[in-house]
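The block underneath contains the structure these notes are about, expressed in structure tokens.
The values are calculated or read from the model by the stated rules, or taken from the named source; none is laboratory data. A quick note: this is a predicted structure, and the numbers were derived from the prediction, not measured. All Cβ positions, glycine included, derive from the backbone under ideal geometry; neighbour counts span all protein chains shown. Accessible surface areas use protein heavy atoms only, side chains included; no ligands, DNA or RNA. Shrake-Rupley method; radii C 1.70, N 1.55, O 1.52, S 1.80 Å.
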Amino acid sequence: MKIVLSWIKEFVDIEDISVEKIAHELTMAGLEVESITNYGEMFDKFITAEVIEKIKHPNADKLSVCKVNTGSEVLQIVCGAPNVAAGQIIPLATEGARIPNADFVIKTTKLRGELSQGMICSESELGLSNDHSGIMVLSPETKIGIPLAEALGQNDVVFEIGITPNRPDALSHQGVSRDLAAIFNRPMKTKNLSPERIAKRIEEVAKIAIEDKVNCPRYSAVVVTDCKVGDSPDWMKNRLRMAGMRSINNIVDITNYVMLETGQPLHAFDLNNLAKSSIIVKKANDGTKFKTLDSVERNLSGSMLMICDGEKEVAIAGIMGGENSEVSSTTTNILIESAYFDPGCVRRSARALGLSTEASYRFERGTDFEGTMYAALLAADLMQKYANGKILSGELDIRAESLTKKEVTLRFNQIERILGYSVPQDKVVSILRNLQLGVKEVTDKIVVMTIPGFRPDIEREIDIVEEVARIHGYDNIPTVHRVSSPLVSAVDDLEMVNSMRRVLIGMGFNEIMNNSLQPAEITAVTGVPVPVMNPLNAEMSVMRSSLIQGGLATVKNNLNAGEKDMRLFEYGDIFIKKGEAINSFEDFEEVTVVTMLITGKAATKTWNEEERDYDFYDLKGYLKSLLESYLVTANLGHVYKTESDPVFEYSIEVFSGENKIGVIGKINDSFSSLFDIEQAVFCAELFVNCIERKKDKLKKYNPLLKYPKIVRDFAFIFDSEVRFDVISDFIRKNSSPLLKKISLFDLYENEKAIGAGKRSLAFTLEFYDLNRTLTEDEVEKEFSAIIQKITKKFDAVLRGN
Amino acid sequence: MLNKISETKRQFFAAAEGIKNSKELEDLRIAHLGRNGTVATLFEEFKTVTPEEKRVLGKELNLLRQELQAKFDELKEVIESSEKLSAPKIDISLPGRVPNKGTGHIVAETMNEIITIFKKIGFSVVTGPEIESDKNNFEALNFPADHPARDMQDTFFINKDFVLRTHTTPVQIRIMQTQEPPVRAIMPGRVYRNEAINARSYCMFHQVDGIYVDEKVTFAELKGTLVHFAKEYYGSSVQYKFRPSFFPFTEPSAEMDITCFICGGKGCRVCKQSGWLEILGCGMVDPNVLKYVGYDPEKVTGYAFGMGIERISMLKHDINDIRLLYENDVRFLKQF
Ligand SMILES: [Zn+2]
């Protein structure tokens, strides 16, 4: 909301207060001043001048060379605008002027060889509008050589205020003035309206009927006849322009002006176009088409409130009028509508139509149901003054009984209870009176108010506490450092995730974060996705059912950027639809997962290191290390998925006890190719909630070994199909408890040396006993027994060493 | 034979003088003390002499062997220790083997820094679902249907009853519905807004919300807690101000500004020349919210606050495009 300083000064005397102070105090009272435009300063070194000669630039087709008279001298200006002509009064930026919308400073220079001592400006360059079609031409009566701000009637200051949805009253100059009156403890001035009336009565020319009093509880109207539609006075045009509105004609401008002053949106109907001179407020007929005054045909629905005449719709209530009753240059008789519409009704219609206007914006937030007649009369008064109108006697005003003011009681002690400090009672009462909140009874314990219509946000005691707090100032509330509360055991839902993150970061992984909104097709591969009803676009139409897709997209982006080697992880929620439709939280699953992803080179070639690609065993090792940090028991399952898995070429499930807690594998080529990835990607996904925390189970200390270990190696040639884990399990099962550890130290395949379909596996076995030193003999016995069993079981050949 | 013994001894000691390294020493050992060395040869010859000679020569021979061995041992020690000292030094300027630098995502890191500060002063950390009911996300938080306050948060709908939560505030409803006061928790998480994606806005971001409901909780204590947070996070010299604002679920409501830590309050591009940066919204829990969860607003009061993590991260690390946070370019990730 743009608030013009000279305009608010009509309501509250703040002449002695600086612009900065006003802005600061408004902000500190909840009307946040987002920017201040001081036109006097902005148009420093901009003056008015007359173009006295225009000739074509000798060296450029589109440029002209102008001579302009500034009153004190004649300057030469090179100008590119097509509309410049001798005789025009124009805004001239002279040496040193800063162009508002381009942020450059005017200097005398040569343009294509011709001297240019300034710039003739367009409205757009002056920041006045978006019009950059040509230079701005001022009215011919404008004096030459005066400051531009003065010529524009804009030697003024404009505050851009961000108005929160609870403060419709502040969408007007009057409302902002009311806050200033309370802030600076000064009286609010009111206007006395007693325009002259003619004898003819309004009832003779117009009648009003309201069929839907729920959605239109009040409708006030005044009629002004014999108007002459034309230009608005300059001061009004200037104020409208500073407030961000364009001048249309005097009648429309007056309705806008009154709205900006009072907050009450008005509509001016051409009375001669209203069939049977009547206004009927009722719901639309479903499916009716209606052309609004922006020339767009709208489809009406039965829930929309309409203003109709004796035959047809003439306006969508509170949103926009129709073309059929618009004020035109030939209009003479005007019916001024000033109504109160139900905020919810206006909002629903505006949203359904996708149409938001200055009027609907205010009605949606709640206008002053008491102020309708005042606003209509103010407009009539202005039409009399600036459109030669004649105001008919009497007014039409229909008001539903449901419109009543709310009564609110404040207990003084609640201020201290909520804010933590007490405000003196007389101060509280004075604030409430300055805000014109209808104080009607004050005792030593309470104050009772009848809340006026312009503050629809105030309904409860807490609302009054807030009014007192914001006007008295949040700065005055002490800052109490108190941390005291009964002991309750604190929980931390993120503890698990965060400790896993720390381990992964320590292992050299880079954490990524991807959008949870993903394309439908690739998301469906990992689970039935939950779709979003109103997505931004097809690429973000469903909630992710796995983090793998986002991870692969990340890999692709990095490959494009030339980064080929990655270790990435992400944690986040995934979503899988379970029911047909989502009617409850049981119809979908939302769980937290951690995904690890490696691709590219594990090591690059350096002076002391050989290059090596990442493989499955790298990720398996990382996963084991991560799991061992968190689990009492975790093991990789023996279920090898190979065929028909849409994501993995091969994979293993990860278990903690009986619970499946995740999966690890290699992404298959067809899935990778969806992301245009050609290099191998290995991926593990863990369900965080299923992981058993180490601290949840007590871990007991194992005594440190005091006796020597005895180590034995052997190597066998096996058929290649015999899996490592089958062999190692067999060794474990067929050994005594003295065998503590089996590790694989070599794997060798060579058709010539050991035959096709064969591989040599070399194991180290570690034996010890916690309570004694083993003898060589007993280990030797154990060792040779295992050798025999392996030879027999797997038909394996022991290799000599 | 005695002459041969003394000659061997002389040769050995003469040669020993010139030994410079362990290779020469080893050669000397092989020549004299080795299997076919001079001493061994003398012992072979010794077998052939008469018994009388043996008595004298045996003693001499043994003496020779001992002396030579002793000298050899002495030399070995000297040479080895000197060789250790003069061993070729490694080129310490060669690059080391550098493991990949792991990094946390700055949004998660920032979130954790904030969480840590509140944990220290007794806040629990509670999370909730990202697909939330319209009831919890709006209705329970005093957003009336058909009210412009809903426009403050453009919403992704799953259907008319479920939404992608637009803030983490609904988690406070979940906590209060399952727990009697006192309630003291922060609620970090991911939220969604149906906003066009550009340098300044993204369709999702992260928040940390906080709530404390108990008897006698006041606005003054809210200020105290948040000032403590600001000083912990932005430094003890930070200046602050609380401005009145509006949130449907708090009343009175405020926004907290701190002095711009980029320009120190002088005014810069980031703070739009104001010298202030808005960092969070807060207020006293609206009585309607307390009533909704079955608390008695005459008995308890509470405060709540919420802040956007991306904004804080971006300000802190001088990142001017929010999309960088979700593009996950490794070159970007490794900078933090
Ligand atoms: Zn700054």
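Net charge in the neighbourhood of A:Asp729 (other residues with Cβ under 13 Å of its Cβ; Lys, Arg +1, Asp, Glu -1) is +4. For the range B:270-336, take the convex hull of the Cα atoms, compute a quarter of its surface area, and give me that in nm², please. Mean shadow area of the hull around the Cα atoms is 7.4 nm².
Take every pair of alpha-carbon atoms less than 8 Å apart whose residues are at least six positions apart; their mean separation over the length of chain A yields a relative contact order of 8 percent. Here's the picture: charge each Lys and Arg Cβ at +1 and each Asp and Glu Cβ at -1 in the range B:1-121, and of B:Ile106, B:Met1, B:Ile121 the one pushed furthest to the positive end of that dipole is B:Ile121. Normalising the Debye intensity of the range B:2-86 to I(0), with uniform scatterers on Cα atoms only, and taking log10 at q = 0.10, 0.18 Å⁻¹ returns -0.28, -0.74. For the range B:45-175, the Kirkwood hydrodynamic radius comes to 24.3 Å, computed from all pairs of different C-alpha atoms. Restricting the calculation to Cα atoms, every distinct pair contributes to the Kirkwood radius of the range A:380-515, found to be 20.9 Å. A:Phe588 sits among other residues whose Cβ lies under 10 Å from its own Cβ, and their net charge, with Lys and Arg +1 and Asp and Glu -1, is -2. In whole Å, what is the distance between the alpha-carbon centres of the range A:401-479 and the range A:20-88? The distance from the Cα centre of the range A:401-479 to that of the range A:20-88 comes to 48 Å. Look at the dipole of chain B built from charges on Cβ: of B:Ser22, B:Phe205, B:Leu57, the Cα furthest out on the positive end belongs to B:Leu57. For the protein assembly as shown, the residue among A:Phe767, A:Ile47, A:Tyr257 whose Cα projects farthest onto the positive side of the dipole built from Cβ charges is A:Phe767. Across peptide A:462-468, the average count of Cβ atoms from other chains found within 10 Å of a residue's Cβ is 4. Each residue of the range A:133-141 is assigned a 3J(HN,Hα), and the resulting list reads 6, x, 6, 7, 10, 8, 5, x, 7 Hz, derived from the Karplus form 6.51 cos²θ - 1.76 cosθ + 1.60 (θ = phi - 60°), x at Gly and Pro. Rounded to the nearest Hz, the phi-derived 3J(HN,Hα) couplings of the range B:254-266 under the Karplus curve 6.51 cos²θ - 1.76 cosθ + 1.60 (θ = phi - 60°) are 8, 10, 9, 10, 10, 4, 4, 7, 8, 10, x, x, 7, where x marks glycine and proline. Take each residue in A:503-516, count the other chain C-beta atoms within 10 Å of its C-beta, and the mean is 6. Neighbours of A:Lys191, meaning other residues whose beta-carbon lies under 14 angstrom from its beta-carbon, give a summed charge of +1 when Lys and Arg score +1 and Asp and Glu score -1.
Accessible surface of the range B:2-86, 1.4 Å probe: 54 percent of it comes from carbon and sulfur atoms.
When +1 charges are put on Lys and Arg Cβ atoms and -1 charges on Asp and Glu Cβ atoms, the dipole computed for chain A relative to its Cα centre reaches about 980 debye.
Computed on protein heavy atoms with a 1.4 Å probe, the accessible areas place A:Arg411, A:Arg612, A:Arg351, A:Arg218 in the order A:Arg351, A:Arg612, A:Arg411, A:Arg218, largest first.
Within 10 Å of the Cβ of each residue in A:569-580, the mean number of Cβ atoms contributed by other protein chains is 2. I need the fraction of alpha carbon pairs in the protein assembly as shown separated by more than 47 Å, rounded to a whole percent. More than 47 Å apart: 54 percent of the Cα pairs in the protein assembly as shown. Separation of the alpha carbons by more than 20 angstrom is noted, of A:Lys56/A:Lys107; A:Lys191/A:Lys405; A:Lys624/A:Lys660, for A:Lys56/A:Lys107; A:Lys191/A:Lys405. For the listed residue pairs A:Lys706/A:Lys741; A:Lys207/A:Lys385; B:Lys20/B:Lys71; A:Lys556/A:Lys666; B:Lys223/B:Lys272, the alpha carbons are over 21 angstrom apart in A:Lys207/A:Lys385; B:Lys223/B:Lys272. Take every pair of alpha-carbon atoms less than 8 Å apart whose residues are at least six positions apart; their mean separation over the length of the range B:121-273 yields a relative contact order of 19 percent.
Restriction of the trypsin sites (Lys or Arg not before Pro) in the range A:737-801 to DSSP coil positions whose beta-carbon has at most 11 other beta-carbons within 10 angstrom yields A:Arg772. The angle separating the long axis of helix A:724-733 from the principal Cα axis of greatest extent in chain A is about 60 degrees. By the Cβ distance rule of under 4.7 Å, chain B has these cysteines without a partner: B:Cys203, B:Cys282. Taking the Cα centre of the range A:190-244 as origin and assigning +1 to Lys and Arg Cβ atoms and -1 to Asp and Glu Cβ atoms, the resulting dipole is close to 200 debye.
Evaluated with a Cβ-only charge set (Lys, Arg +1; Asp, Glu -1), the range B:289-336 carries a dipole of roughly 80 debye about its Cα centre, given to the nearest 20.
Its Cα gyration tensor gives chain B an equivalent ellipsoid; the semi-axes, largest first and in whole Å, are 89, 22, 19.
Taking amide H as placed 1.01 Å from N in the peptide plane, the amide H of A:Val12 sits under 5 Å from that of A:Lys189, each at least 5 places away or on another chain. Per-peptide packing, taken as the mean over residues of other Cβ atoms within 10 Å, places A:312-318, B:14-20, B:50-56, A:426-432 in the sequence A:312-318, A:426-432, B:14-20, B:50-56 from highest down. Proximity of backbone amide H atoms, modeled 1.01 Å from N, is registered between A:Leu798 and A:Ile717 at under 5 Å, excluding neighbours fewer than 5 places apart on the same chain. A straight Cα-to-Cα reach below 12 Å connects A:Lys283 with the aspartates and glutamates A:Glu211, A:Asp212, A:Glu313, residues fewer than 8 places away in its own chain not being considered. Principal-axis analysis of the Cα atoms of chain A puts helix A:250-262 at an angle of about 60° to the longest axis. For the peptides B:155-166, A:546-557, A:614-625, residues were scored by their other Cβ atoms within 10 Å and the scores averaged per peptide; the highest-first order is A:546-557, B:155-166, A:614-625. Counting only Cα atoms, the range A:486-547 measures 46, 38, 20 Å along its principal axes, largest extent leading. So what is the calculated 222 nm ellipticity per residue for chain A, using -39500 (n - 2.57) for each DSSP H run with n of 4 or more, over all residues, to the nearest 500 deg cm²/dmol? After summing the helix terms and dividing by the residues of chain A, the value is -7500 deg cm²/dmol.
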